[in-house]
Amino acid sequence: MEKRKEGKNGMNNVVEITYSQTGKSSQTDGLGMREMQAKVYKERHRRFLLVKAPPASGKSRALMFVALDKLIHQGLKRIVVAVPEKSIGRSFQSTSLKPFGFFADWTVTPYFNLCDSSNEKDKIKRFREFFVSETKAQILVCTHATLRFGLEDLENEQLQDALFGIDEFHHTSADVNNGLGENIRRIMNQTNAHILAMTGSYFRGDGVPVLRSEDEVLFYPITYDYYQQLDGYKYLKSLGLGYHFYQGHYLTALGKVLDTTKKTIIHIPSVNARASGAVDKYHQVNQIIDLCGNKIETDYNKGLTSVQSKDGRYLKIANLVEDRGDQRSVVQSYLQRMKSKDDVDIIIALGTAKEGFDWEWCEHCLTIGVRGSLTEVVQIIGRCTRDCKGKEHAQFTNLIAAPDATQDDVTIAVNDMLKAITASLLMEQVMAPSWNFRTKKDQMEDFSNKERTIVVEGLKPLSSVRSSQIVTEQLDDLKATILQSPMIAKALGGDTPPEVINKVIIPKIIQETYPDLSNEENEEIRQRLVLDMVLKGKEEEIRPDGNRLIKLTNTFINIDGLTINMIDRVNPFQRAYEIMSKEVTAPVLKVIQNTIAEKKMPMTIEEAVILFKGPYQLYKQSHNTPPSFDDPDPKIRRLAQAINVLKNYKIRKEMGLEFEPSIKQKGDA
């Protein structure tokens, strides 16, 4: 993997990842299954399956394989596939599987394809008819909403012996008011039905958990990560994640990042979002179309607008922002039937064309404004990462308003910018190759496979099934939680010592996320999480003498001499500060730093002790005076605060009083 600021197509990329094009993830076996699909099929006898795999990895066909086996070999009688929106239903249309080695084809009767835009009549009635009539049809495809309302008048007995395939499972929630989540729990606990749940993003950090813990343990998880998928593509060579920061209205800056020679999905902000500038969504669409070229005609049978670009090219633009149902259905129906790269050039969308939307030729996802969740970012990026002949590079660009000192809502602007940057850091973590970390004991017991393996001195072994499970299956979820924590946001200004982030803030977030962990388990997970965040995506350099080197904080380190203490002195979020300092002007950077400084967290005893033992001792070696609260350097002011906290702690201890870290000390914001 390599990172470079100037990416393909002139984009300023925060992250650019290069893949090996092994073709492994798209190769099929004797049954016509890709690597991920075979992994899922192996567990086809499980009653509850949870598949976590990236967009375009073949989850829809994996469901078909498992569902058909349950129908033909396991005694189930009905299959219901539920998707978030009608356009995604295209992924589950009738599919020939037998020519590729499977024992049956996937056949959806048109009457029970409730996502077909050409037949909108009596969907709830047809859903219920599927369960209570003597129909020979065995497969139904519908939206989550149809599933929710269709189940209301059906008895539990009528749901017996069915498989419910829930696509984009993160739409469910443990919240009691989430209708889909309640129906999932009903199916699990009150019927004998099976569930195959699928998602391309399962980040707990997005708010309410997807499942209650007692329900989640019943699912058998199957994980296929982003890097496995993208590195195994045949055609895609690289993925760029970039940001363009603007001031004013985004429509004045859009032309700088919109390349109309690339197949592009433009996601505009809603009229209530800050990025819209209170501009009507239809006006936004018209302005974007004008930016693409001179309007030639509108094809009302397809819902497309044709324009001629300044260099004479003819472009077909699909508008999914349209509210009128009849016109929107025409566009959706056309996009569902696309067969050629030339069928459309640019799609403009607002709340659609994200999860499950299949346009394999998409090269560029251009998103305006900060997104509401990391799940949404993952889903949008997934629209352009499908493998396709002739597509070597996929690009995600986020157009973000830069903070301005004259803004009344400068704090909100700073928060938006930080959200966008932390999202890119998480995407880097998800999509780059991982290292295998081993303890010294592991090295002595089994060190036959050295590929992407690092032995780390001081690394604690995983002592329980619980800590092993979190490290193996939930590390990305935990990273998402940490990156979205207000405590981390307050540490992104560049003046929080790495030791405080790694030894105080991160363990606290881990404990809040998994309160059942022991201190030992917390430390085992913390070490591996920090190691993974610091080293993710970094490549080793093998010197002629055989030494393996890796670059940390602009210095090459011998991999064989790597220690936990060394890693704990590296800020895992340093890249966020580097991005801000490179991508914005000095005055804007100052606004960001001041805004972050204003919301600094009160200092705890743990942080004060770490600062005293580390940075303060280094400070004393080069200064004759103690650190001052009036020093212009925020790091020095933080040291002064640490000394003050420790003095107060000592005084209160001598007086027999308790020290309360929650009470603000001098220097706290």
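Volume per residue, Å³, of the convex hull around the alpha-carbon atoms of the range 90-178?
In the range 90-178, the Cα hull volume divided by residue count equals 138 Å³.
Looking at this model, which pairs from 440/551; 508/635; 341/536 are more than 30 angstrom apart at the alpha-carbon?
341/536
Taking every pair of distinct Cα atoms and averaging 1/r, then inverting, what Kirkwood hydrodynamic radius in Å comes out for the range 214-264?
It works out to 15.6 Å.
At R0 = 60 Å, how high is the FRET efficiency between residue 153 and residue 549 if r is their beta carbon distance? Nearest 0.05 is fine.
With R0 = 60 Å, the Cβ-Cβ based efficiency is 0.35.
Set the Förster distance to 25 Å, then compute FRET efficiency between residue 623 and residue 511 from the Cβ-Cβ distance, nearest 0.05.
Rounded to the nearest 0.05, the efficiency is 0.10.
For the range 294-436, max minus min Cα coordinate along each principal axis, in Å, sorted largest first?
Largest to smallest, the principal-axis extents are 47, 46, 34 Å.
Taking all pairs of different Cα atoms in the range 273-377, averaging 1/r and flipping that mean, what Kirkwood radius in angstroms comes out?
With all distinct Cα pairs of the range 273-377 included, I get 14.8 Å.
Can you pull the percent of Cα pairs in the range 361-401 with separation above 14 Å?
45 percent
For the range 31-129, which semi-axes, largest first and in whole Å, follow from the square roots of 5 times the eigenvalues of its Cα gyration tensor?
Over the Cα atoms of the range 31-129, the ellipsoid semi-axes are 24, 15, 14 Å.
Explain nothing, just the number: relative contact order of the range 72-173, from Cα pairs under 8 Å at least 6 residues apart, as a whole percent.
43 percent
Please report the relative contact order for the range 244-373, taking Cα pairs under 8 Å with a sequence separation of at least 6, and give it as a percent rounded to a whole number.
33 percent
Rank-order 113-120, 635-642, 161-168 by packing density, defined as the average count of other C-beta atoms within 10 Å over each peptide's residues, highest first.
161-168, 635-642, 113-120
Is there a pair in 86/262; 123/262; 256/389; 237/339; 123/354 whose C-alpha atoms are over 29 Å apart, and which pairs would that be?
123/262
Wrap a convex hull around the Cα atoms of the range 204-362, take a quarter of its surface area, and give that in square nanometres.
If you wrap the Cα atoms of the range 204-362 in a convex hull and average its projections, you get 13.0 nm².
Are any of the pairs 503/613; 479/650; 42/391 more than 24 Å apart by Cα-Cα distance, and if so, which?
The pairs that break the limit, which is 24 Å between Cα atoms, are 479/650; 42/391.
Among 330-336, 519-525, how do they line up by average Cβ neighbours within 10 Å per residue, starting with the highest?
330-336, 519-525
Read the figures in this text as sums done on the coordinates, not as results from a lab. Owing to the predicted nature of the structure, the values given are computational and were not obtained by experimental measurement. As a convention, Cβ positions derive from the backbone with ideal geometry for all residues, glycine included, and neighbour counts pool all protein chains shown.
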